[in-house]
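Right, one structure below, let's go through it.
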Amino acid sequence: MNIHKMNVSTQLLDRVSNWLQQAALNGETLETVVTGFCERLAAAGLPLNRVHLSFSMLHPLYDALGFTWLRGQGVTVEGYRAEPTDDKPDRFLQSPYYYLLSNNLDHLRRQIDPTAPSEFPIFDDLKEIGTTDYIAFVQSFGVTSGQGMIGSWSTDAYGGFSDNVIEALLRIQNNLAVAAKMAVLGKLADNMLTTYLGENAGKRVLSGQTRRGDGETIRAALVMVDMRQSTVLAEKEGRQVYIDTLNQFFDAIASPFSRNGGEILSFVGDGFLAVYPCGRHREPSQVAALAAMAAVRQATAHMAELNADRRRQGLGDVNYGIGLHVGNVMFGNVGLKDRLTFSAFGAAVNEVERLQGLTKKYAQPIVASQAFATYCGGDWVKLGQEKLRGVRQKVTVLLPGEENMKLDNGEAMPNRSLETRSEAEQLMLLYRNSKKPQPRDLIWNKLLQ
């Protein structure tokens with residue numbers, strides 16, 4: 001059959017459009033929307049062998065999400081981390097997308113001759129899968145929006161895309177943009193709540209726990225962490241060095257406390273509060289305390305790694321204090337009627353904060369209450385008894401012994417703060433760090449091919 005005379009079924013395309021509308025109404029994830037869309041286009045008879053779609057995201061960790069669909073292989077997904085870099089690899093500068101952005105174009109079409117030199121490096125990859133025609137496009141989600149879609153359609157059909165197929169792709173592209181925008185906005189809400197409130201608290205807010213006073217009393221193992229001598233560092237080294245050091249500190253020490261049932265509820269200055277919610281009986285309290293203690297061991301190993309790396313750079317060590325406790329806390333919304341915060345409150349939170357402060361008095365990086373030590377078990381060294389402000393009885397303060405601080409092989413985890421970026425992640429940052437963008441480019445300076 002001559003591809004240039006191929007008819008495209010408007011009824012089947014309408015079915016795809018209807019599915020996109022329903023997916024948007026159902027709040028489907030971006031991956032579900034992209035995967036379902038590509039498979040349905042192929043099932044409708046459009047001769048696609050590859051589709052690539054990237055979506056810019058408002059997220060503190062990722063600039064964008066990229067999806068690549070290959071016929072018969074499904075969709076692969078990659079998140080592109082948001083990190084500053086001075087690298088300017090040539091692959092993006094020589095890509096069709098950069099050409100589109102630089103020339104303020106919405107579409108670019110190229111028929112691919114396997115015997116001719118490739119105009120863009122990506123064409124070498126496309127030739128390997130028999131691609132004959134390629135269309136790249138850029139689509140904003142709004143004039144003032146920082147989010148948008150950039151992508152490409154590829155075919156291996158003899159003669160390339162027919163006019164009917166191109167018309168169908170242009171028409172369906174707008175429907176895809178609407179469904180994708182809804183999915184991106186849903187992902188945005190989830191991202192922001194998870195990032196700023198934590199996973200558990202974010203889910204509670206999304207599920208409707210949004211009124212002042214909404215919440216509950218829970219039992220939890222509590223961890224309070226603080227960086228030492230931060231004021232001196234800020235005054236001596238200046239704002240940027242202090243912020244960079246603080247982020248290094250959080251990268252190294254905080255990540256273990258957001259795993260295995262733990263959640264970082266809030267960052268306060270140069271410290272944070274993490275909780276391990278549990279039941280009120282002995283066994284769940286033991287599980288929570290053991291998980292918190294395992295995170296302490298991992299965090300301690302990360303800090304040793306970070307400080308060794310800083311010494312190699314001629315920098316000083318970053319010191320810290322960790323307080324450990326078990327108790328009941330109020331978990332929910334407090335604040336003004338129109339300005340709330342979601343966190344943990346109560347006497348146990350105050351007690352773990354004051355325990356953490358005792359690490360200075362005893363010159364030890366980690367101290368725990370008797371309640372925590374009892375549930376955690378293992379070896380502990382008694383440091384003394386202290387009268388905590390607001391607590392009637394004196395509190396026994398303990399130091400974890402050598403066995404409690406021994407990192408098991410199963411607990412070892414890489415320090416993500418010291419990892420290098422992958423090639424794909426570096427490509428994600430290219431356009432932002434290429435030549436100064438034009439105003440229209442600002443929407444797209446986070447997207448990859």
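Every number in this text was worked out from the coordinates using simple rules, so none of it is lab data. The model shown is predicted, which means the values in this text are computed figures rather than measured ones. Neighbour counts run over all protein chains shown; Cβ positions are idealised from the backbone, glycine included.
Among 18-28, 382-392, what's the highest-first ranking by average C-beta atoms within 10 angstrom per residue? Don't skip to the answer; put the middle values down first.
Details: 18-28: 15.1, 382-392: 12.6.
In decreasing order of mean packing, 18-28, 382-392 become 18-28, 382-392.
Could you pull out the pairs from Lys236/Lys360; Lys127/Lys181; Lys236/Lys361 whose alpha carbons sit more than 28 Å apart here?
Details: Lys236/Lys360 21 Å; Lys127/Lys181 32 Å; Lys236/Lys361 24 Å.
From Lys236/Lys360; Lys127/Lys181; Lys236/Lys361, over 28 Å: Lys127/Lys181.
Report, please, the projected area of the stretch 240-322 averaged over directions, based on the convex hull of its C-alpha atoms, in nm². Kindly include the intermediate steps, with their values, before the conclusion.
Numbers: hull surface 22.6 nm².
Averaging across all directions leaves 5.6 nm² for the Cα convex hull.
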